[in-house]
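Comments concern the structure below.
The values are calculated or read from the model by the stated rules, or taken from the named source; none is laboratory data. Predicted model, so just to flag it, every value in this text is computed and none were measured. All Cβ positions, glycine included, derive from the backbone under ideal geometry; neighbour counts span all protein chains shown. These area figures cover heavy atoms from the full protein model, side chains too; ligands, DNA and RNA do not enter into them. Shrake-Rupley method; radii C 1.70, N 1.55, O 1.52, S 1.80 Å.
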Amino acid sequence: MKISTKGRYGLTIMMELAVRFGEGPTSLKSIAEKNGLSEHYLEQLIAPLRNAGLVKSIRGAYGGYILSREAANITAGDIIRVLEGPISPVDFTEEDDPAKRDLWLRIRDSIADVLDSTTLADLISFKEETHIDNYMFYI
């Protein structure tokens, strides 16, 4: 399964809104400029997110979008399913071999578990772990 730009950019939108949660509406233009993305493309992605109840739109001169609930209550799985459809690495219903069908189901379930256990709050608070060796070598 490969996540398309719809899913990747959709996560970007939602992460930007999560960072600014409680600060008022955020325009798609500001998200597009900050991340070097097409504002027109983001407009196409925000509609299904709004229809799914993940974001709310605020009209007016200082309008934009806000999350409909806290970042800890929205998962990556919620976003990906809205934009990409069902999570499935292959169309395993056509698979004749029970062993391969079981493999595809386990892969699908593993992907879903990761997406469903990762919230927007997790994504915006992610800190990359760097391993620094404290060894000093003398020659």
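Approximating the spin labels as points 7 Å out from Cα along Cα→Cβ, the Asn51-to-Asp109 distance works out to 3.2 nm. Projecting the Cα atoms of Ala47, Thr5, Ile74 onto the charge dipole of the range 3-123 (Cβ charges, centred on the Cα centre) puts Ala47 farthest toward the positive pole.
Here are labelled values, (1) 37, 31, 27; (2) 62, 57, 27; (3) 44, 31, 25, and one is the computed Cα extents along the principal axes in Å for what I pasted. Which one? So the structure-derived entry is (2).
The apolar share of the surface of the chain, taken as the fraction of accessible area on carbon and sulfur atoms (1.4 Å probe, ligands and nucleic acids excluded), comes to 52 percent. The residues of the chain expose on average 67 square angstrom of accessible surface per residue, using a 1.4 Å probe on protein heavy atoms. Annotated for the chain: lysine pairs at least 8 residues apart or interchain, Cα distance under 24 Å, count 7.
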